[in-house]
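Undergrad: Questions regarding the structure given below will be posed in turn.
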Amino acid sequence: MDADITDPSDWLSTPLSSLSTLDALLRCRICRDLYTAPMVTECAHSFCSLCIRKCIAATPASEHPCCPICRAAVTEVKLRRNQVVEEVVGWFRAGAREGLLSVAREGGKGRKRARVDDQDEKRSEAASSAAAEVRRSTRARPTAYVVSTSSSTSLLTITSSYQEIPPSPEPTTDGAYVNLDDDDDGLVPCPVCDKRMTVKQVTRHIDSCLSLKANTSSSSSTTPSSSTSTKPKTLLASSSTTPPHQKRLPKIQYSMLSEPKLRQKLQDLKIPSHGNKQALQARHSEWVSIWNANVDRSVPRAKTQLLRELAAWEESLDRFPAGSRVSAEGLEEWGVKHKGDFRELIAQARRNLPKRAEAKAEVEGEAELESDKAAE
Amino acid sequence: MSRARRIAKELQAVQDDPQAGIDLEVINDADISHLKGYFDGPSGTPYEGGRYQVDIEIPQDYPFKPPKMKFDTKVYHPNISSQTGAICLDILKDKWSPVLTLKASLISLQSLLTTPEPTNPQDAEVAKHYLSDRKGFDNTAKYWAKVYAGADGGASGTAAASKPVDVFEQYGIDRESVKAIENMGFTQERIIEVMRRTGIKKIGPGAQEGAEDRLLEELLK
């Protein structure tokens, strides 16, 4: 699983460290992953559809749901798709990220082999001390609302690199900077097709190369990333012809519904309908979030996949039983688990009994036990 | 699962930033829902130099529900229970937001140590001490930091449990006052027990009016 966890910090060790900012900006602040079906709130913050819907569903009924970033009131029906961000993330995820990262890492190696440039040393020193400064200041802040450390660090790195790199034939991108130090012919291979070209050409070439690859191999592709690659054309087509069954599900006022009626609702939706009312309610709420988030996708997934997601959620519930959901079996288990504690408390009470001059009954013993606990 | 992915990322982020002085560690590799967090006592406070351990339990619906945190290290602070380590902090309760992280929460705990909120206490006795006798409170807090959190080269963690503890420093109880009452024929143990129960720290000049009478009344019960 570790291999597919990507992070903005992946860029920091490469010469393209400024891309860390872009990488961070394309991530949902809730799940810290690249946006999936990004939705924009009334207060103009974006989140994955599933993340913000789950967040709203998790808000107690007595409170008004609010934006996780600015705490402005949010309403589920007022969420709107953030189409441009979705397309950019689609492009980034489909291979551009991987491609650029491998180019950047290659470039980093090339740079190390090249002669040591005094100015370069100074620059990186300045950048790292600036980074340290940022960290220190983050630490001192009283509340947690701080700009992500990694993005501010890389911003500093960019500005300092602009000031101090000597003029070069291609001074506008960090990519050009890689080019300066690359050995041999000064060319690098495209990570997709292995054709050799200048770095500046690669950054442009990589898009066309990837979309070409996605076009030719979409039917026989093996990796999930290339099969879900988003081409602007398909995006347009699918969003304009949404199938009629992809309608959003309404929220239910569960307190108004009896258990059999709720069970019937779940059966109508063709999702598992076992368990007590609490379980039914939790499952229905989760399903509504999963379903509606799927409708927000430009390329919705099949219902079987959604059902698998629901099953995974249910399984995780069993694996991490929360303290608040103590069932009859749970109580028994709890008793077994804490048997030692109970025994110790009883022994403690017995030890304390003779101390009291007028130790009368068990009731007294219990009182003693309580005052003992308080004293501790 | 997005929950597991996010926790993994948070662990990584803490590792990538050693300057923050914050550590997270998984107790059992098979169960990422139970962690221990560590941070340094903020400088310029009685907690300076101490290292604090926090027990973190991550609920199933994290990050939509806040992580459950309590101090493992004993802390003398108005918003932290001196007995159980329970914490009174809004972002760990109703002001939680899913964009907050474990690291952010630990940083918030660190700043809670800097700025106590005695008007909304978790430990009423400690809060009373803080409001009535700030200097005495600071001394006790400093002593606890030394004994339990390893400040000033004191013992840390479990080693502290075996070390003899100065009960006067520990509870912020005035040594002279106890001596005065001991002369009346009560045992030190009993006096301290009653003083802790009643929240009386000292008697005589500078103490609350009627403190001595109340204390004696309790002792004679």
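Undergrad: Just the residues that are touching a residue at least 60 places away in the same chain (Cβ under 8 Å), away from chain A (no Cβ under 13 Å) and out of contact with any Leu (no Cβ under 9 Å at 6 or more places or on another chain), please, taken from segment B:51-87.
TA: Correct list: B:Arg51, B:Gln53, B:Thr73, B:Tyr76.
Undergrad: How many residues are more than 23 Å from B:Ala127 (Cβ to Cβ) and either of a type in the set (Lys, Arg) or assigned to a loop (DSSP other than H, G, I, E, B) (or both) if we restrict to segment B:200-221?
TA: 3
Undergrad: Same structure, new question: Name the residues in segment A:25-60 that are in contact (Cβ under 8 Å) with a residue 60 or more places away in the chain, over 11 Å from the mean Cα position of the chain (by Cα) and either within 12 Å of chain B (Cβ to nearest Cβ) or surrounded by fewer than 21 Cβ atoms within 10 Å (Cβ to Cβ) (or both), would you?
TA: Residues satisfying the conditions are A:Leu25, A:Arg53, A:Lys54, A:Ala57.
Undergrad: Follow-up question, since we're still on this one. Exactly one condition in (1) in a loop (DSSP other than H, G, I, E, B); (2) surrounded by fewer than 21 Cβ atoms within 10 Å (Cβ to Cβ); (3) within 13 Å of the chain's Cα centre (by Cα) is false for B:Thr73; which is it?
TA: All conditions are met except number (2).
Undergrad: Count, please, the residues in segment B:183-199 that happen to be surrounded by 13 or more Cβ atoms within 10 Å (Cβ to Cβ), outside any helix (DSSP H, G or I) and modelled with pLDDT of 80 or more.
TA: Residues in segment B:183-199 being surrounded by 13 or more Cβ atoms within 10 Å (Cβ to Cβ), outside any helix (DSSP H, G or I) and modelled with pLDDT of 80 or more: 1 in total.
Undergrad: Report yes if A:Leu12 is modelled with pLDDT under 95, touching a helix residue (DSSP H, G or I) at 6+ places or on another chain (Cβ under 8 Å) and buried (at least 22 other Cβ atoms within 10 Å of the Cβ), otherwise no.
TA: When the stated conditions are applied, A:Leu12 does not pass them.
Undergrad: If I filter segment B:96-123 down to residues being surrounded by fewer than 20 Cβ atoms within 10 Å (Cβ to Cβ) and touching a residue at least 60 places away in the same chain (Cβ under 8 Å), which single residue comes out as nearest to the other protein chains (Cβ to nearest Cβ)?
TA: It comes out as B:Ser111.
A quick yes/no check of all residues on (1) surrounded by 14 or more Cβ atoms within 10 Å (Cβ to Cβ); (2) on the phi < 0 side of the Ramachandran plot; (3) at the interface with chain A (Cβ under 9 Å from one of its Cβ atoms):
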residue	(1), (2), (3)
B:Leu11	yes, yes, no
B:Ile22	yes, yes, yes
B:Ile27	no, yes, no
B:Asp31	no, yes, yes
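Undergrad: Another question about this same structure. Check segment B:88-95 and report whether any residue there is more than 14 Å from chain A (Cβ to nearest Cβ) and either exposed (fewer than 15 other Cβ atoms within 10 Å of the Cβ) or closer than 30 Å to B:Ala207 by Cβ (or both).
TA: For segment B:88-95, residues more than 14 Å from chain A (Cβ to nearest Cβ) and either exposed (fewer than 15 other Cβ atoms within 10 Å of the Cβ) or closer than 30 Å to B:Ala207 by Cβ (or both): present.
Undergrad: Which ones in segment B:211-221 are surrounded by 11 or more Cβ atoms within 10 Å (Cβ to Cβ), over 21 Å from B:Lys135 (Cβ atoms) and of a type outside the set (D, E, K, R)?
TA: Scanning segment B:211-221 gives B:Leu215, B:Leu216, B:Leu219.
Undergrad: Would you check if there is a residue in segment B:86-99 being within 24 Å of B:Asp166 (Cα to Cα) and under 11 Å from the mean Cα position of the chain (by Cα)?
TA: yes
The values are calculated or read from the model by the stated rules, or taken from the named source; none is laboratory data. Just so you know, these numbers come straight off a predicted model, no measurement behind them. FYI the Cβ positions are ideal-geometry reconstructions off the backbone, even for glycines, and counts take in every protein chain you see.
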